[in-house]
1. Quick check: the angle from helix 22-37's long axis to the longest principal axis of the chain, C-alpha only, nearest 10 degrees?
2. Obtain the nm distance between the two label points defined at T232 and Y413 by a simple spin-label model: each point lies 7 Å from its Cα along the Cα-to-C-beta direction.
3. If you fit an axis through the alpha-carbon atoms of helix 355-368 and take the longest principal axis of the Cα set of the chain, what angle between them do you get, 0 to 90°, nearest 10?
4. Have a look at L18, L250, L317 and tell me which one the Gaussian network model of the chain (Cα, springs below 10 Å) gives the largest fluctuation.
5. As a test of the formula, what do you get for the chain when each DSSP H run with n ≥ 4 contributes -39,500 (n - 2.57) and the sum is divided by the residue count, at 222 nm and rounded to the nearest 500 deg cm²/dmol?
6. Which one, F364, F338, F209, has the greatest fluctuation when you compute a Gaussian network model over the chain with C-alpha springs under 10 angstrom?
7. With all protein chains present, how much of the accessible area of region 51-167 (probe radius 1.4 Å) comes from carbon and sulfur, to the nearest whole percent?
8. Find the accessible area per residue for the chain; the probe is 1.4 Å, ligands and nucleic acids are left out, and the unit is Å².
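The values are calculated or read from the model by the stated rules, or taken from the named source; none is laboratory data. Remember, it's a predicted structure, so these values are computed and weren't measured experimentally. Glycine gets a Cβ as well: all are built from the backbone with ideal geometry, and neighbour counts include every protein chain shown. Accessible surface areas use protein heavy atoms only, side chains included; no ligands, DNA or RNA. Shrake-Rupley method; radii C 1.70, N 1.55, O 1.52, S 1.80 Å.
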Amino acid sequence: MSIALPLMFAAFFGFMILGMPLSFSMLLSCFVYFVVKGQPLYLLVQQFFTGIDTFTLMAIPFFTLAGDLMVESGTAERMLAFAKATVGRLRGGLAYVTVFSSMLFGGCSGSAIADITGLGPLQVRMMEKGGYPRDFAAALMTSASIQGPIIPPSIPMVLVGAVTGTSIGGMLLGGAVPGVLIGLAMSVVVWIQSFRRPIEREPMTFANFIAITIASIPFLLMPAIILGGILTGVFTPTEASAVAVGYGLLLIVVGARGRPDLRSFFRVCVRAATLSAVVLMLSGASSVLGWILATEQMPRHVAALLFQISQDPMVILLIVNLFLLVWGMFMDMLPAIFIVVPILTPLAAQVGINPIHFGVVVVFNLVLGLLTPPYGTALFTGALVTGVRIERIVQNMWPFFLSSLGVLVLITYVPDVVMFLPRLFGLDK
């Protein structure tokens, strides 16, 4: 290993400490490597453009735009109404409604932040009216939002598939069962806690249930259209993201809110374009970094280090889980995918771990990082949206976080939980 590599890492962390954006920190530290190593700089430019010349990455801004369009079309209100009609009659029903509506909305947005900003305020107000303390409502809403990045159409699943060359359809299907299991695990916590407080139930007649269900059908079709089209081969995952945008536009034009708000439409387009630029910059910079690490045989060195501990896949997965849970506390999910996944995926392949199973486990770990301070993006967004202090959210959130950790253990050591659907549809490679 040459001296250029330690200097590159020192520069990378130095630029990060100075507050420089992550993609620029990567590029400048790679520039330091090329200069010290005496490599021609045209290789840096070449690898950067190789990283952004990926058709699959187009799915990220499209799915983001589709999620925002669903918010603007009134999907959040319809999802909440449908969830109330379905599970609101149970004891502690409004808490179940929060979990179930987040699951449904995650099937449209693929993002925890979109769930919190679009659906969160409605969920918290609803629970407060039903007798729940605001702190608890904010904690449950924030915790339930992590279903979004796991249930298809999951943006991080698409990203991991693009970075590793794994089947994106397989990754999306692999996240379906774990995403549902998160909701079920949190519902168990709700059921246990429902006996400790007198909570109002949501009355519902059969006629109202039928009317709400019929009105919600157009808004519930988004996940079915996306997955159905991918599984039947009608379109690719990237094309599915464009179809999702078209369907979102249709709901806005024909939907319940009357005339489209052009200013809101412009705002969501700008947000999708901004995210697209961020993803492309990260993809290009990480491509350069990945080329350097491959040249320096970094994956082989990491594998040799871990294999000194054990070559048992179960032990390797335990080490990876612990590492990623800590990593997610200090870095956002998207850059973590670009930096860590290319190093760890070859290691998983060496010990015989299926790439889809490994990819879902990685995403699950990094999604949990959205809830953990000091860098928990979902945690801070939930506090901002609800006005509840972060420490109050954390105090009420830990049972839901522990239930999600239980699901992580299950999907880590029982791979069939992840691989059942991909195998069923022949997308398990």
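1. In the chain, helix 22-37 runs at an angle near 10 degrees to the longest axis.
2. Taking the two extended label points, one gets 4.1 nm.
3. Helix 355-368 sits at roughly 70 degrees to that axis.
4. Of L18, L250, L317, the Gaussian network model singles out L18 as fluctuating most.
5. Per the formula, -25000 deg cm²/dmol.
6. Fluctuation is largest for F209.
7. Details: 1610 of 2740 Å².
Of all accessible area on region 51-167, carbon and sulfur atoms account for 59 percent.
8. Accessible surface, normalised per residue, equals 42 Å².
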